[in-house]
Amino acid sequence: MVSFLDPNTALNEFGVEPGMFVADLGSGSGYYTLESARRVGTDGRVYAVDVQKEMLDRVKDFAAKERLFNVEIIWGDVENIGGTKLRDGMIDRAIASNVLFQLEDKETFCKEAYRILKQTGEILVLDWAESFENTGPEPGSIVPEFEAKTLFEQHGFSFVKNVTAGAHHYGLVFKKG
């Protein structure tokens with residue numbers, strides 16, 4: 001049986017708290033969006049950013065069913081500067097779960113994440129550590145943990161810590177600056 005990360009585990013270690021502004025970059029099915037929305041409460045806001053409209057529609061529907069009115073859906077491209085449609089320095093925490101291996105322009109992604117984060121902002125990067133049993137990305141698409149660390153550090157981030165990410169993923173937290 002494949003063991004995948006429960007968003008609660010990573011978010012507990014990441015420190016998403018009431019009143020924060022969170023961006024789920026490449027939100028996909030919205031697991032991190034919805035759990036973050038529960039945590040930030042009515043004084044916070046969660047921005048689900050994705051290029052796939054159908055995924056954003058699903059996230060919007062789930063948020064409405066759960067009465068999470070602090071979720072904002074953004075059809076945007078995280079691989080372009082300004083592509084998230086978020087203002088400079090407005091985000092407390094950003095999340096990139098199972099996104100890095102899919103990106104063609106990882107450097108611009110890092111620049112965009114840096115741009116939207118507050119001076120004290122942090123980003124949680126969760127991604128595949130391996131490909132196994134026909135699950136996960138092609139082996140050539142995987143971004144090893146050490147490469148992810150190097151990538152973010154080269155773009156102005158400082159490594160903070162590892163977080164629990166399940167058997168087949170790694171979890172890294174970086175702070176801006």
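Just so you know, all these numbers are worked out from the coordinates, no wet-lab data involved. Bear in mind that the values here come from a model prediction, so they are computed numbers and not experimental data. For neighbour counting, all protein chains shown are included, and Cβ atoms are generated from backbone atoms with ideal geometry for every residue, glycine included.
Observations
- Residue that is nearest to Thr9 (Cα to Cα) [pool: residues in segment 105-128 that are part of a strand (DSSP E or B) and of a type in the set (D, E, K, R)]: Asp127
- The listed residue being of a type in the set (Ser, Thr, Tyr) and touching a Lys or Arg at 6+ places or on another chain (Cβ under 9 Å), out of Thr84, Thr33, Thr42: Thr84
- Test: residue in segment 72-83 that is closer than 27 Å to Pro137 by Cβ, in contact with a Gly (Cβ under 9 Å, 6 or more places away or on another chain) and among the aromatic types (Phe, Trp, Tyr): no
- Considering only residues in segment 17-67 that are among the aliphatic types (A, V, I, L, M) and within 15 Å of Leu126 (Cα to Cα), the one that is nearest to the chain's Cα centre (by Cα) turns out to be Leu25.
- The C-beta contact set for segment 8-27 (first residue in contact (Cβ under 8 Å) with a residue 40 or more places away in the chain and of a type in the set (D, E, K, R), second residue in a strand (DSSP E or B) and crowded, with 22+ Cβ neighbours inside 10 Å, distance under 6 angstrom, 6+ apart or interchain) comprises Asp24/Ala48; Asp24/Ile95.
- Meets criteria (surrounded by 14 or more Cβ atoms within 10 Å (Cβ to Cβ), more than 15 Å from the chain's Cα centre (by Cα), in contact (Cβ under 8 Å) with a residue 40 or more places away in the chain and assigned to a strand (DSSP E or B)) for Lys175: no
- When we screen Glu145, Glu107, Glu112 for residues that are surrounded by 13 or more Cβ atoms within 10 Å (Cβ to Cβ), over 27 Å from Asp43 (Cβ atoms) and not aromatic (Phe, Trp, Tyr), the only hit is Glu145.
- In segment 1-55, the residues that are among the hydroxyl-bearing types (Ser, Thr, Tyr) and in contact with an Asp or Glu (Cβ under 7 Å, 6 or more places away or on another chain): Ser27, Tyr32, Thr33, Ser36, Tyr47
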